[in-house]
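The values are calculated or read from the model by the stated rules, or taken from the named source; none is laboratory data. Just so you know, these numbers come straight off a predicted model, no measurement behind them. Here Cβ is always computed from backbone atoms with ideal geometry, including for glycine, and neighbour counts include all displayed protein chains. All accessible areas refer to the heavy atoms of the entire protein, side chains included, with ligands and DNA or RNA removed. Shrake-Rupley method; radii C 1.70, N 1.55, O 1.52, S 1.80 Å.
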Amino acid sequence: MSAVEINFDGIIGPSHNYAGLSIGNLASSANAQNISHPREAALQGIEKMRHNLQLGLAQGFFVPLARPDHGWLADLGTTAQDAPDSIRPAAYSASSMWAANAATVSPAPDTKDGRCHLTVANLRTMPHRSHEWADTHTQLRRAFANGKYFRVHGPVPPAFGDEGAANHMRLASSHGDKGVEIFVYGKTSGPYPARQHIEASRAVARLHRLDPEHTLFAAQSEQAIAAGAFHNDVVAVANENVLLAHEEAFEDRAELYTAIRRLLPDVEIIEVASSEVSLDDAVKSYLFNAQLVTLPQGGMGLILPEEARETPSVWKWLEKLTAGNGPIRETFVVDVRQSMANGGGPACLRLRVVADPATVDPRFMANEARLDSIAAVIKKCWAKQIAPEDLRKTRLCHDIEKAREALLEALDLEELD
Ligand code: SUG
């Protein structure tokens, strides 16, 4: 099989909870201290993967990281039992589920050495995410261990914040062609932190040995970040030769579009006007956090969260889009409400890797039978609900650890323990 796009979804971990840890992520703040439903959350994620398989797409997954992170707590001079409430939720966060933040990926056709490069994201801006990278790195090195096809890099130094693929887009005539890679960064003058630093993006582009002539850097608009677009993938998404973006996504959209058109004349830029869908509706509905995928039968489809169907301006715009003759022909709606309540839509939950699936460690590839066995472990071992005060309970800590162990065993991935 030749190179295809594989979506690797983060399996939603047994410690999934709502701690309101991400400033600038409006859903995370709005749902702070609510009761979470880890079992339902994880099963929603499994159903999304099943849906992708049924569409004929290649699907992989990453396993949740060990939580609480005892090593991180020890570095902070404390333990899961004794940690102050200001620290404990950050040690328990299941935030590695949002695999779009695991790494930045440059497929083989774009790189000088013809290998697919991945750089694990340092996620240094949010404390609860800053300790994901080491174990994510280990996992990426397993999944993409074949050095003939992949090169997995460590994180760029923490001086510069890097949030991975959520701030990176790739446009190409088709997945297997040389592409234009677009790194989107933020500037730090608004009410919320800009999580992607331009120097981190530049470093990733150098490490991946990208062709500078085919690499673009674009600033996010300040109003987008202020409206809750803490990552670019909340206001823009790209697939093959199509860019779907909100009018207010970028600081200088005219300059960016001109540069893209020069490098990729067959690009189709679909811009959503603010007069049709406001920035607020875009952020609330996660219209742009859809998975924009190429369907095996031809044409493209958008895999959207339920919230997009529930937002009238967005649904109206989508109906108009699919009635036209453009490249995006179909919409599919999935229920990922548990993740959405923490600001993670369908696209946040996945990392895209263009590669031949046969070159990936098969233990990370999904099929119906494997999803069945993951779902069985989730039904048996994931808690039905977690209230904020439950994180203080030794019993919950034990149950979360046992649940992950059961999953690793079912997937023959005990070495990640
Ligand atoms: O980093 N939410 C995640 C959501 C990440 C979404 N990813 C992409 N846009 N690609 C974040 O803000 C909330 C955790 C909490 O509040 O408990 C959180 O980490």
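Considering only the stretch 248-269, state which residues are assigned to a helix (DSSP H, G or I), out of contact with any helix residue (DSSP H, G or I) (no Cβ under 8 Å at 6 or more places or on another chain) and open to solvent by less than 50 Å² (accessible area, probe 1.4 Å).
Of all residues in the stretch 248-269, those assigned to a helix (DSSP H, G or I) come to 253-263.
Next, from what is left, pick out any that are out of contact with any helix residue (DSSP H, G or I) (no Cβ under 8 Å at 6 or more places or on another chain): 253-262.
Those that are assigned to a helix (DSSP H, G or I), out of contact with any helix residue (DSSP H, G or I) (no Cβ under 8 Å at 6 or more places or on another chain) and open to solvent by less than 50 Å² (accessible area, probe 1.4 Å): 256, 257, 259, 260.
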Residue, nearest to the ligand (Cβ to nearest atom), within the stretch 110-137, restricted to residues that are out of contact with any helix residue (DSSP H, G or I) (no Cβ under 7 Å at 6 or more places or on another chain) and closer than 24 Å to residue 92 by Cβ: 126
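If we keep just the residues of the stretch 140-149 that are open to solvent by 10 Å² or more (accessible area, probe 1.4 Å), under 16 Å from residue 363 (Cβ atoms) and in contact (Cβ under 8 Å) with a residue 40 or more places away in the chain, which is nearest to the ligand (Cβ to nearest atom)?
Filtering the stretch 140-149 for residues open to solvent by 10 Å² or more (accessible area, probe 1.4 Å) gives 141-142, 145-149.
Still in the running and under 16 Å from residue 363 (Cβ atoms): 141-142, 145-146.
After this cut, where a residue has to be in contact (Cβ under 8 Å) with a residue 40 or more places away in the chain as well, the list is 142, 145-146.
Values: 142: 22, 145: 25, 146: 26 Å.
Among those residues, the one meeting the criterion is 142.
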Determine whether residue 74 is closer than 21 Å to residue 348 by Cβ and small (Gly, Ala, Ser). no
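Yes or no: the stretch 57-69 includes at least one residue that is among the small types (Gly, Ala, Ser) and closer than 20 Å to residue 345 by Cβ.
Step one: list which residues in the stretch 57-69 are among the small types (Gly, Ala, Ser), which gives 58, 60, 66.
Checking the rest, the ones that are also closer than 20 Å to residue 345 by Cβ come to 60.
The answer is yes; a qualifying residue exists.
Go through 156, 184 for me and flag whichever is farther than 23 Å from residue 93 by Cα and either assigned to a helix (DSSP H, G or I) or hydrophobic (A, V, I, L, M, F, W, C) (or both). Please lay out each step first, then the result.
Working: 156 fails: farther than 23 Å from residue 93 by Cα.
Testing whether each residue is farther than 23 Å from residue 93 by Cα and either assigned to a helix (DSSP H, G or I) or hydrophobic (A, V, I, L, M, F, W, C) (or both) leaves just 184.
Being touching a strand residue (DSSP E or B) at 6+ places or on another chain (Cβ under 7 Å), of a type in the set (Asp, Glu) and more than 22 Å from residue 100 (Cβ to Cβ) is the requirement here; does residue 276 meet it? Walk me through it before giving the result.
Numbers: touching a strand residue (DSSP E or B) at 6+ places or on another chain (Cβ under 7 Å): no; of a type in the set (Asp, Glu): yes; more than 22 Å from residue 100 (Cβ to Cβ): yes.
No; evaluated as a whole, the condition is false for this residue.
Return the residues of the stretch 284-299 that are out of contact with any strand residue (DSSP E or B) (no Cβ under 9 Å at 6 or more places or on another chain) and surrounded by 15 or more Cβ atoms within 10 Å (Cβ to Cβ); say none if nothing qualifies.
The answer is 284, and nothing else.
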The lone condition residue 27 fails out of (1) within 12 Å of the ligand (Cβ to nearest atom); (2) in a loop (DSSP other than H, G, I, E, B) is (2)
When the stretch 76-100 is checked residue by residue, the ones that are more than 23 Å from residue 166 (Cα to Cα), in contact (Cβ under 8 Å) with a residue 60 or more places away in the chain and surrounded by 15 or more Cβ atoms within 10 Å (Cβ to Cβ) are 80, 88, 89
So which residues in the stretch 361-395 are closer than 29 Å to residue 144 by Cα, open to solvent by 10 Å² or more (accessible area, probe 1.4 Å) and of a type in the set (Val, Ile, Thr), if there are any at all? 377
